[in-house]
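Data first, discussion second: the structure below is written as structure tokens.
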Amino acid sequence: MTFQVTKDDGLFYRQTLFDQAKRVVLKVGSAVLTDDNGLDLKIIGNIARQVSFLQSTGREVILVSSGAVAAGRKRLGVVKTPHEELKVKQALAATGQGLLMQAYEQAFADFEQPVAQVLLTHADLSHRGRYLNVRNTILTLFEFGVVPIINENDTVSAEELRFSDNDTLGALMTNMIGADMFIILTDVDCLYTGHPSEDSSARPIYTVASITKEIERMAGQSTSLLGTGGMIAKIRAAKMVAACGGCSFIGPGRHPEILQALFSGELVGTFFLPGKGKINRRKHWIAYVLKPQGFLVVDDGARRALIEQGKSLLPSGITEVRGSFTVGAPVHCLDRSGAMIAAGLSNYTAADIERIKGKKTLEIAALLGCKDSDEVIHRDNLVVMGRDGLL
């Protein structure tokens, strides 16, 4: 089995990882931070107190906070609809973000803990230079003893370039700064083997050793009333963190002492152990941050070369090119069944790959008039499913 539901060696390992965690990313969802009256200031006060406590123990903490749209919705009296326009969400975020930061500023001031606001778009992370600038800024804030409070800049984020949810943003931040632990506080107690309200035999899962298809099925597609991610988004975020050697936790955000409970060893929530491998930060950026601009379908021989032998992708193994992209663009490699097997940066444009697909490297110069590289994707710019930690 891939999980444990009773106290065992997994619990001991879990506590060891909590004890050793020196850099923590904490994500708090809208369903925790807001209620029918807008922002729940008592909850925000509890979060500030507990984060300040972790800071006092010598740990560095990033807070990834949802709540801006929900806060703006309450302030403006806008009722949520199934197909809300992007411009409405952006207006709500613009209204609510100031309210959210004001609440945090006041709450943390009670503990003399300075905070800083960091608003990000996906474009900030997909550009390598800006990605590194964000990382350097956060590390510098740590040096000053500041808690960065991060949220997506919903006011300017285009729909097609959004992070999709703050669970994903939190996982990206965890891997970006090399945090030891990613804690997701939500409106559920933990992951269950089934839906508790529909399945009387559903059991809590306290420790997950490996995130398998079985675990993802258990997560289902449920979503909170105020949140956007749902349990499946949280599981996938934990999977991203595991690929980089980090651990994750999902648990009840309205528990008044949840962080103290976790770090003191109480058996609450669901804990996800680190993955066996560890992908480096640059390959994490390629695999998880960059969104593919195109797809390359490869034959069985190329699939084996990539997965089993760790080879670069050559033009001879490509059978189909999908999309239009330029040199250096992120692309995903698919096998004949359409399953993703790798992510990488292309050395050629889509048009040029179309001309050289299925050909030997010796034929590239004659077909294109020049040859910039033997490989369509070099091994150094390629992340392979399973082999390199990509899950």
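The values are calculated or read from the model by the stated rules, or taken from the named source; none is laboratory data. Bear in mind the structure is a predicted one, so any value in this text is a computation, not a measurement. Quick reminder, even Gly has a Cβ in these numbers, built from the backbone with ideal geometry, and neighbours come from all protein chains shown. To get the accessible areas, we keep the full protein, side chains included, count just its heavy atoms, and leave off ligands, DNA and RNA. Shrake-Rupley method; radii C 1.70, N 1.55, O 1.52, S 1.80 Å.
When you check Ile307 against the structure, is it open to solvent by less than 40 Å² (accessible area, probe 1.4 Å) and either touching a Gly at 6+ places or on another chain (Cβ under 7 Å) or not basic (Lys, Arg) (or both), yes or no?
Values: open to solvent by less than 40 Å² (accessible area, probe 1.4 Å): no; either touching a Gly at 6+ places or on another chain (Cβ under 7 Å) or not basic (Lys, Arg) (or both): yes.
No, not satisfied.
Taking the conditions exactly as written (open to solvent by 40 Å² or more (accessible area, probe 1.4 Å) and closer than 23 Å to Leu191 by Cα), does Gln15 satisfy them or not?
Numbers: open to solvent by 40 Å² or more (accessible area, probe 1.4 Å): yes; closer than 23 Å to Leu191 by Cα: yes.
Taking the combined requirement at face value, the residue satisfies it.
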Search result, residues across the range 168-210 that are open to solvent by less than 30 Å² (accessible area, probe 1.4 Å), at pLDDT 80 or above, not polar (S, T, N, Q) and not in a helix (DSSP H, G or I): Ile177, Ala179, Met181, Phe182, Ile183, Ile184, Leu185, Cys190, Leu191, Ala202, Ile205, Val208
Apart from one, (1) open to solvent by 60 Å² or more (accessible area, probe 1.4 Å); (2) within 22 Å of Arg128 (Cα to Cα) all hold for Lys359; the odd one out is (2)
Please note which helices (runs of 4 or more DSSP H) are completely contained in the range 273-364 and include at least 2 residues that are on the phi > 0 side of the Ramachandran plot. none
So if I check each of His378, His332, which one is under 30 Å from Ile235 (Cα atoms) and either crowded, with 21+ Cβ neighbours inside 10 Å or of a type outside the set (D, E, K, R) (or both)? His332
Total residues in the range 243-254, condition closer than 11 Å to Ala171 by Cα and open to solvent by less than 10 Å² (accessible area, probe 1.4 Å): 4
The range 111-123, residues that are assigned to a helix (DSSP H, G or I) and surrounded by 15 or more Cβ atoms within 10 Å (Cβ to Cβ): His122
Positions within the range 226-242 being open to solvent by less than 20 Å² (accessible area, probe 1.4 Å) and of a type in the set (Lys, Arg), in sequence order: Lys234
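I'd like to know if the range 271-283 contains one or more residues that are more than 24 Å from the chain's Cα centre (by Cα) and either within 28 Å of Lys89 (Cβ to Cβ) or surrounded by fewer than 21 Cβ atoms within 10 Å (Cβ to Cβ) (or both).
The initial filter retains those residues of the range 271-283 that are more than 24 Å from the chain's Cα centre (by Cα), namely none.
No, because not a single residue in the range 271-283 is more than 24 Å from the chain's Cα centre (by Cα) and either within 28 Å of Lys89 (Cβ to Cβ) or surrounded by fewer than 21 Cβ atoms within 10 Å (Cβ to Cβ) (or both).
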Say we look at the range 45-68 and pick out the residues that are open to solvent by less than 40 Å² (accessible area, probe 1.4 Å) and β-branched (Val, Ile, Thr); which of these is nearest to Asp35 (Cα to Cα)? Ile47
Inside the range 68-90, the number of residues satisfying the requirement of being free of Cβ contacts under 8 Å to residues at least 60 places away in the same chain and either among the aliphatic types (A, V, I, L, M) or on the phi > 0 side of the Ramachandran plot (or both) is 6
Condition test on Ser65, is it among the polar types (S, T, N, Q), within 23 Å of the chain's Cα centre (by Cα) and more than 23 Å from Thr140 (Cα to Cα)? no
Suppose we filter the range 255-270 for residues that are open to solvent by 10 Å² or more (accessible area, probe 1.4 Å) and either touching a helix residue (DSSP H, G or I) at 6+ places or on another chain (Cβ under 8 Å) or not acidic (Asp, Glu) (or both); how many remain? 9
Looking across the range 1-41 at residues that are basic (Lys, Arg) and in a loop (DSSP other than H, G, I, E, B), the single one that is modelled with the highest pLDDT is Lys22
